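Written below as structure tokens is the structure these notes are about.
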Amino acid sequence: MKFWLKKIAHRLLGHGPVSVRSFDEMYAGAAGSNGVLAIAAADACRDAPSTALLGQPAESEVLPGASLSPERRLFSLTDAGLAGGDGVVYCPRRRIAVAETVRLWLQPADAHPLLAAPGFPPARPLRGRTLSLASLGAEGFYHFLIESLPRLELARPWLAGLDHVLAPGRAGGFQEKWLGLAGVPREKIIWLEGHSHYRCEQLLFTGPLSYDSQPTPWLVQAIRRTVGYAPAARGPRRLWISRRDAVARHLVWEDALLAQLPQFERIELAGRAPAEQIALLREAAVVAGPHGAGLANLVFCPPGAAVIELHPGHDRPVFARLATAAGSRHAWAVVDFTHPPENLALIAGAIRAFAA
């Protein structure tokens with residue numbers, strides 16, 4: 001009931017959108033600067049066989065198989081509103097949000113808090129042409145790299161004429177470093193946060209480039225092209241991507257495991273320049289480590305590389321699918337991250353066998 005009261009108050013007193021409709025419903029037959037500028041056809045997310053290192057049954061939270069991605073469209077709107085860190089786009093005159101930009105993890109679009117925000121600040125005007133890279137969850141590395149950065153590839157023909165780029169993150173953060181590698185001038189970036197609100201003279205934006213946990217080969221290729229990466233022949237390195245500098249999912253018995261895996265180099269990716277991260281992965285024959293965002297870098301592995309992932313709970317298929325899309329082979333095991341296992345030698349032996 002409280003949400004609906006806020007929704008009524010927002011409709012009467014607020015500044016942002018009050019309802020949601022698809023782009024096609026709102027702008028059917030529109031021409032000129034209101035319409036679709038570019039389309040990348042849908043492709044498939046596929047599940048290739050993934051090796052269970054310890055013979056455990058797969059208990060994925062996402063159904064296996066193959067599924068098509070969304071059709072990827074670059075939209076253009078004149079006099080467009082954009083609100084919030086996740087970049088909800090709307091028509092300020094009709095106060096209708098574009099459904100393709102309204103996402104929640106577990107709720108429908110009409111439950112978005114922006115639709116019931118009577119205290120949301122008024123919009124600031126942005127002159128010229130603006131591109132939005134906003135995406136749900138893009139303050140984290142995985143969602144930024146896999147879902148936000150590839151929007152630059154879809155918008156490539158228009159990048160030189162941009163006046164502003166609305167991006168998730170903050171000045172000096174990892175997002176700025178990756179955008180710099182992709183050629184986005186720092187002075188054009190405007191950082192989005194929860195209460196960001198702009199009214200753009202012309203806004204370019206996209207819907208989601210993939211469904212949750214379903215990366216596809218198009219995304220892998222778009223990321224590579226965006227940062228100027230070309231795959232190389234497999235190198236000799238075996239990399240262990242550690243999370244000992246992370247706040248969660250730290251493998252407390254990592255030292256004991258790596259003592260039995262002397263061929264592996266332990267690396268921490270946070271804080272390294274993007275070009276250095278890419279160079280490391282480009283030379284890897286094997287990439288292993290605990291489940292975490294650092295494994296998103298496997299898109300920069302050479303074809304045929306081995307990816308080994310340890311899960312703290314039931315297996316999550318996102319990196320297995322990403323490995324498939326990138327041309328790598330994948331193995332996994334579910335282990336207790338917080339207590340040293342009695343079968344440590346068995347785990348180490350299984351990792352060595354798959355790596356070989």
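Summary of values
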| item | result |
| --- | --- |
| Hydrodynamic radius of region 120-260 per Kirkwood, over alpha carbon pairs, in Å | 17.2 Å |
| Prolate/oblate/rounded label for region 288-356 (Cα gyration tensor, a/c 1.5) | oblate |
| Virtual spin-label span in nm between Asp24 and Arg249, 7 Å along Cα→Cβ | 3.5 nm |
| Label-point separation, Leu5 to Ala230 (7 Å along Cα→Cβ), nm | 6.4 nm |
| Normalised per residue, the volume of the convex hull around the Cα set of region 237-282 (Å³) | 66 Å³ |
| Charge sum, other residues only, whose C-beta stays under 13 Å from Ala99's C-beta, Lys/Arg counted +1 and Asp/Glu -1 | -1 |
| Environment charge at Leu192 (Cβ cut-off 10 Å; Lys +1, Arg +1, Asp -1, Glu -1) | -2 |
| Length-normalised contact order of the chain in % [C-alpha pairs under 8 Å, at least 6 apart] | 20 percent |
| Surrounding net charge for Asp163, when Lys and Arg each add one and Asp and Glu each subtract one, Cβ distance under 13 Å | +1 |
| Answer label for volume of the Cα convex hull per residue in Å³ (calculated), chosen among (i) 162; (ii) 143; (iii) 176 | (ii) |
| Reachable aspartates and glutamates from Lys188, criterion Cα separation under 18 angstrom, eight or more residues apart if same chain | Glu153, Asp163, Glu176, Glu201 |
| The chain, dipole about Cα centre (Lys/Arg Cβ +1, Asp/Glu Cβ -1), debye to the nearest 20 | 900 debye |
| Distance in nm between pseudo-label sites at Arg127 and Ala348 (7 Å out along the Cβ direction from Cα) | 6.6 nm |
| Alpha-carbon centroid distance for the pair region 329-343 / region 235-253, whole angstrom | 13 Å |
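None of the figures in this text is laboratory data; all of them are computed from the coordinates on show. The structure presented is a predicted model; accordingly, all values stated were derived computationally and were not measured. Every residue, glycine as well, gets a Cβ built from its backbone with ideal geometry; the counts of neighbours run over all protein chains shown.
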